[in-house]
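Coordinate-derived values only; no laboratory data. In this text, all values refer to a predicted model and were calculated from it rather than measured experimentally. All Cβ positions, glycine included, derive from the backbone under ideal geometry; neighbour counts span all protein chains shown.
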Amino acid sequence: MKLLKYATLIGAVCAAFAMQPAKADFTSILDNPGGTGLTPPFGTVDVSLSGQTATITFTSNTAGGYFFIDSGAADVQVNAATFTEAIVTDAAFDKFEFGKNINGFGTFNLIVRNNDGTGSQVDTISFTVTNTSVTPWATADDVLTFNANGFDAAAHVSFNNGFVTGFVAEGPQGHAPDSGTTAMLLGTALAGLGLVRRYLKH
């Protein structure tokens with residue numbers, strides 16, 4: 001009876017962890033300071049996919065004092081020959097540009113900008129991209145790709161309310177795809193620990 005009770009408890013824990021939704025289908029970490037001298041991490045770029053429309057959200061590391069500003073505020077290399085785009089938030093960052101070089105990180109095919117400098121610094125920029133090319137995206141992993149310089153995302157950040165500003169990007173190891181696998185592994189590990197603990201008590 002005790003074994004059944006433990007097995008039920010462990011199963012419930014595993015199920016709870018496995019059912020936890022991932023924060024995003026794909027995350028790129030903005031951790032390359034370029035020549036700014038600033039200390040990473042600067043924020044994240046989360047990508048989720050519904051059909052052929054991806055929602056891309058830049059979230060700054062406000063705890064570290066970072067915000068997004070000005071030209072090249074949020075920059076991505078979209079993995080599609082043709083696409084349409086629309087801003088979600090912030091309304092102040094409502095201008096898109098295409099095929100511009102971002103301060104040594106290379107050319108990106110989609111850029112969100114604002115001309116108000118640090119006056120409109122924000123901690124979140126979210127926009128949608130809809131794939132209109134003949135090659136569909138299978139997962140959120142497919143939405144972004146590396147540009148010629150090896151970066152899929154970059155941003156223009158301000159630090160300490162504009163005391164320092166500069167362009168940053170995701171570093172070589174900045175990718176962390178996660179569609180719930182981490183939660184499932186954690187659940188499995190907890191189950192294993194529970195069984196070991198029970199075995200050692202006898």
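Backbone phi angles across the stretch 34-41, fed through the Karplus curve with coefficients 6.51, -1.76 and 1.60 (θ = phi - 60°), yield HN-Hα couplings of x, x, 6, x, 7, 9, x, x Hz in residue order; Gly and Pro are listed as x. Restricting to Cα atoms and excluding each atom paired with itself, what does the Kirkwood estimate give for the stretch 23-178 in Å? Kirkwood hydrodynamic radius for the stretch 23-178: 15.1 Å. Here's how it looks for Phe83: its modeled amide H is under 5 Å from those of Thr132, which are all 5 or more places away or on a different chain. In this simple spin-label approximation, Thr145 and Ser50 carry label points 7 Å from Cα along the Cα→Cβ vector, and these lie 2.6 nm apart.
Taken along the Cα-to-beta-carbon direction at a fixed 7 Å, the label points for Thr132 and Val88 span 2.0 nm.
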